[in-house]
1. Return the residues of segment 357-372 that are touching a helix residue (DSSP H, G or I) at 6+ places or on another chain (Cβ under 8 Å), over 18 Å from residue 311 (Cβ atoms) and outside any loop (DSSP other than H, G, I, E, B); say none if nothing qualifies.
2. May I ask you to list the residues in segment 215-230 that are touching a residue at least 40 places away in the same chain (Cβ under 8 Å) and either surrounded by fewer than 21 Cβ atoms within 10 Å (Cβ to Cβ) or assigned to a helix (DSSP H, G or I) (or both)?
3. If you check 254, 211, which single one turns out to be out of contact with any strand residue (DSSP E or B) (no Cβ under 7 Å at 6 or more places or on another chain) and over 23 Å from residue 184 (Cα atoms)?
4. Quick check on my filter: what residues within segment 59-74 are surrounded by fewer than 19 Cβ atoms within 10 Å (Cβ to Cβ) and in a helix (DSSP H, G or I)?
5. With at pLDDT 95 or above and out of contact with any helix residue (DSSP H, G or I) (no Cβ under 9 Å at 6 or more places or on another chain) as the only criterion, which of 273, 324 stands out?
6. Within segment 41-58, which residues are buried (at least 16 other Cβ atoms within 10 Å of the Cβ) and assigned to a helix (DSSP H, G or I)?
7. Please go through segment 342-356 and give me each residue that is within 16 Å of the chain's Cα centre (by Cα) and assigned to a helix (DSSP H, G or I), ordered by number.
8. Going by what's in this entry, would residue 23 be described as at pLDDT below 95 and surrounded by fewer than 14 Cβ atoms within 10 Å (Cβ to Cβ)?
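The values are calculated or read from the model by the stated rules, or taken from the named source; none is laboratory data. On a predicted model such as this, the values are computed, not experimentally measured, just so you know. Cβ: placed from backbone, ideal geometry, glycine included. Neighbour counts: every protein chain shown.
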């Protein structure tokens, strides 16, 4: 290319660079802080954090029971009676480990605590993608433009921290204690990512699995002891009531089946069987070339499939398998942008299939499809290499 041609291309190159910065850097920053600022000004700042963590920390400091099992029992009774139960719930439902970890925030004024938690959550998403080896800066911007990440930040949910924990488990998978502690923390904070522990078994990380199990159980028991075992006896029934009240207004497989007229019990069984099938597949795939990466991504998806309650912000976890198969910007990074901006699906059951399709999208890239024209039994070992995975 001659000097004249290069001079002609310079304006277009400059425009391309400027537009990339605008779309993938400036726009995500503006959107993120506009949403958080709007919530702060309207008094809806970090709704889940305020009721589920900050308030619980205050109760713990004062020696009170942070849980509200009676409230959830009443809502379940309302629904069983054929009336509309309250599904916008902001009471502590996290395990005791998460509530105890939130205590330091309760010593601060709420808005200060909320701002710090929001910044921590933003850093968790950025740090998680970094640990996953994402090398394209545009991917970071795309993640913050997606509704799952935005929804999690607006509510003050633990999902961004789960992304960081899941990413850390993968990044330090060659060791014993770091992935074990990361998975123990994730499962102790939110029970539904338990398939990550199955991944440890599937990939023969037996010592890490034992350590993760011991730390999760010991840490949870210690946390409950720290709050005087308040709510321990009622916790299983409280989760059951919460699931009953909320299972049909989320974006889970269970919610989708209920919308089709399937009973809740049957829907949960189907979801569990689907997740079990994914984990069995992950177990088998783990022993193939590049199976470790594929199996981990499938385990993350299995966690979303198995859970009877999946809120839109849970799908931020999909950036873990997406990053595993595509460390640079690709069509897969754009699929979470298709998430319709809802908090719940009441009156919008058509949203559920869209979210389920988004959950399934990474599976297309994670699954070890046979090479075109080559029978699976004859597929060469190199056919599932890193190069084919990132194709």
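1. 361, 362, 363, 365, 366
2. Applying the first criterion (touching a residue at least 40 places away in the same chain (Cβ under 8 Å)) to segment 215-230 yields 219-220, 223-224, 226-228, 230.
Answer for segment 215-230, where residues must be touching a residue at least 40 places away in the same chain (Cβ under 8 Å) and either surrounded by fewer than 21 Cβ atoms within 10 Å (Cβ to Cβ) or assigned to a helix (DSSP H, G or I) (or both): 219, 220, 223, 224, 226, 228, 230.
3. Numbers: 211 fails: over 23 Å from residue 184 (Cα atoms).
Exactly one residue qualifies, and that residue is 254.
4. Just the residues of segment 59-74 that are surrounded by fewer than 19 Cβ atoms within 10 Å (Cβ to Cβ), to begin with: 61-65, 70-71, 73-74.
If the condition is that a residue be surrounded by fewer than 19 Cβ atoms within 10 Å (Cβ to Cβ) and in a helix (DSSP H, G or I), then 61, 70, 71, 73, 74 are the ones that fit.
5. Values: 324 fails: out of contact with any helix residue (DSSP H, G or I) (no Cβ under 9 Å at 6 or more places or on another chain).
Testing whether each residue is at pLDDT 95 or above and out of contact with any helix residue (DSSP H, G or I) (no Cβ under 9 Å at 6 or more places or on another chain) leaves just 273.
6. The first filter runs over segment 41-58 and keeps only residues buried (at least 16 other Cβ atoms within 10 Å of the Cβ), leaving 45-58.
Scanning segment 41-58 gives 47, 48, 49, 50, 51, 52, 53, 54, 55, 56, 57, 58.
7. Scanning segment 342-356 gives 355, 356.
8. Values: at pLDDT below 95: yes; surrounded by fewer than 14 Cβ atoms within 10 Å (Cβ to Cβ): no.
Spelling it out, it is not the case that residue 23 is at pLDDT below 95 and surrounded by fewer than 14 Cβ atoms within 10 Å (Cβ to Cβ).
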